[in-house]
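Throughout, read-outs are computed from the coordinates displayed, never taken from laboratory work. Just so it is clear, the structure is predicted and the values come from calculations on it, not from any experiment. In this analysis, Cβ positions are derived from the backbone assuming ideal geometry, glycine residues included, and neighbour counts consider all displayed protein chains.
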């Protein structure tokens, strides 16, 4: 495949065969036809067969934490791996494994690899402290520190202030 050539599109059966040949562990989803969970490098994702016989992602790639596929959250100062039960700081090893897994999965699917994604891991959500709650209406946002009412202090019987 040349530098500007389009990736080879594969159908569901070709993708499953490719994944098996390239060291992915495959697990059929229980009680669901044509849905498979993939595992490699302690990362996982899920694919399913679409109506045209092709493949689409059912669960985006994530690092496995206690058997659950995590979401990568970027808080500006640190990336975190978040599941429904826990949240752990993402280490360089976690990010390398997730990046490698995502690249190998794209190759298997015949998906386009975008420039920014090839540079490193791309987070599922970006949540910086200074922009938290900005997607909510102004009236529903919690007051900012500078908008909060100052704490009222009371005088004791000795005349000194106490908080």
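Peptides 137-144, 23-30 ranked from most to least packed give 23-30, 137-144, packing being the mean of other C-beta atoms within 10 angstrom over each peptide's residues. When DSSP beta bridges are restricted to pairs lying wholly in the stretch 12-128, around 95% turn out antiparallel.
Size descriptor for the stretch 12-128, Kirkwood hydrodynamic radius: 14.8 Å (Cα pairs only, one decimal). The listed peptides 105-113, 71-79, ordered by packing as a protection proxy, come out as 105-113, 71-79 (highest mean of other Cβ atoms within 10 Å first).
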